[in-house]
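Report on one structure; see the data block that follows.
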Amino acid sequence: MEKNAYLDAMGITRWKKAVPQNEVLTVLVNPLRIKEVDSPIISKVLALIGVDIAHCRFAVRAEPNANVIWDMRGKQAVAADDRLISAPINELEANIEAKRALWGNMQAYMAKKGI
């Protein structure tokens, strides 16, 4: 009997090498703006820092051990060197000063990450 046929008949599955999954990155958003995450500003900023939006999840608070890359909760944002900090999306779309602050934060972030 063939080895693979024997294993199949016994119901034994063969070992396969694990394929590493892409890390899920977290973008924190204001609870009132959770439905506005399809803004072109968000996808453009993520593309500029080299992040695929498909590998991101949007949440209102960080889970333990979450890799937060952008905190756009405005006044609720927690200052940190390892993430972008900005105003909520509605302010970014309407206020040039909010965009200017985000751009300055992006430059510092990209310099630190070597992007």
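The values are calculated or read from the model by the stated rules, or taken from the named source; none is laboratory data. As the structure is a prediction and not an experimental result, all values here were calculated from the model. Because the Cβ atoms are built from the backbone with ideal geometry, glycine has one as well, and the counts that use them run over all protein chains shown. Ligands, DNA and RNA are excluded from the accessible area calculation, which covers all protein heavy atoms including side chains. Shrake-Rupley method; radii C 1.70, N 1.55, O 1.52, S 1.80 Å.
Quick notes
- Any hit, the range 19-29, residues being open to solvent by 70 Å² or more (accessible area, probe 1.4 Å) and within 17 Å of Ala87 (Cβ to Cβ): no
- Single unsatisfied condition, Leu102 versus (1) part of a helix (DSSP H, G or I); (2) open to solvent by 90 Å² or more (accessible area, probe 1.4 Å); (3) out of contact with any Asp or Glu (no Cβ under 8 Å at 6 or more places or on another chain): (2)
- When the range 50-74 is limited to residues that are out of contact with any strand residue (DSSP E or B) (no Cβ under 7 Å at 6 or more places or on another chain) and not charged (D, E, K, R), the one that is surrounded by the most Cβ atoms within 10 Å (Cβ to Cβ) turns out to be Gly74.
- When we screen Asp71, Asp38 for residues that are within 22 Å of Glu23 (Cα to Cα) and in contact with a Lys or Arg (Cβ under 7 Å, 6 or more places away or on another chain), the only hit is Asp71.
- The one condition from (1) at negative phi; (2) surrounded by fewer than 18 Cβ atoms within 10 Å (Cβ to Cβ) that Ile85 does not meet is (2).
- Of all residues in the range 12-37 being at pLDDT 85 or above and in a loop (DSSP other than H, G, I, E, B), the one that is farthest from Ile69 (Cα to Cα): Asn30
- In the range 62-106, the residue that is farthest from the chain's Cα centre (by Cα) out of those that are closer than 15 Å to Leu25 by Cβ and in contact (Cβ under 8 Å) with a residue 40 or more places away in the chain is Met72.
- Residue within the range 88-99 that is assigned to a loop (DSSP other than H, G, I, E, B), within 22 Å of Lys113 (Cα to Cα), open to solvent by less than 80 Å² (accessible area, probe 1.4 Å) and in contact with a strand residue (DSSP E or B) (Cβ under 7 Å, 6 or more places away or on another chain) present: no
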